[in-house]
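What follows is calculated from the coordinates using simple rules that are stated; it is not laboratory data. Note that the coordinates shown come from a computational prediction; the quantities given were computed from them, not determined experimentally. Positions of Cβ are backbone-derived with ideal geometry, glycine not excepted, and every protein chain shown enters the neighbour counts.
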């Protein structure tokens, strides 16, 4: 699993057969302090995340299994993060 932040929504009304009607969200990969560390990508969202929220995403076969093993996705949101801490420091707490 990897940390990401939801940057926006992607609207695609015409979809390949088998692609579920889940929301598609634009996510940016981040480190534990919230600094962007990678390119933006599109993730299927079966959990209902919103813009600005920190999320956990999975890739590849794990992403397919998060929705349905036969869907054509390779990135999926599997959790909305409530908080991140390391030692005594709270690095993120959902407001």
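FRET efficiency for the pair residue 59 and residue 90, taken as 1/(1 + (r/R0)^6) with r the Cβ-Cβ distance and R0 = 35 Å, rounds to 0.80. Which residues in region 46-60 have a backbone N closer than 17 Å to a point placed 7 Å from the Cα of residue 1 along the Cα-to-Cβ line? Within reach of a label on residue 1: 46-50, 53-60.
In the chain, helical runs assigned H by DSSP with n ≥ 4 each contribute -39500 (n - 2.57); averaged across all residues and rounded to the nearest 500, the mean residue ellipticity at 222 nm is -2500 deg cm²/dmol. Projected label points at residue 74 and residue 14, each 7 Å from Cα along the beta carbon direction, are separated by 2.3 nanometres.
As a rough guide to protection, the peptides 12-21, 66-75, 30-39 ranked by mean Cβ packing within 10 Å, highest first, stand as 66-75, 30-39, 12-21. Taking every alpha-carbon pair under 8 Å whose residues sit at least 6 apart, the chain reaches a relative contact order of 27 percent.
With only Cα atoms counted, the chain has Rg and Dmax values of 13.6, 48 Å.
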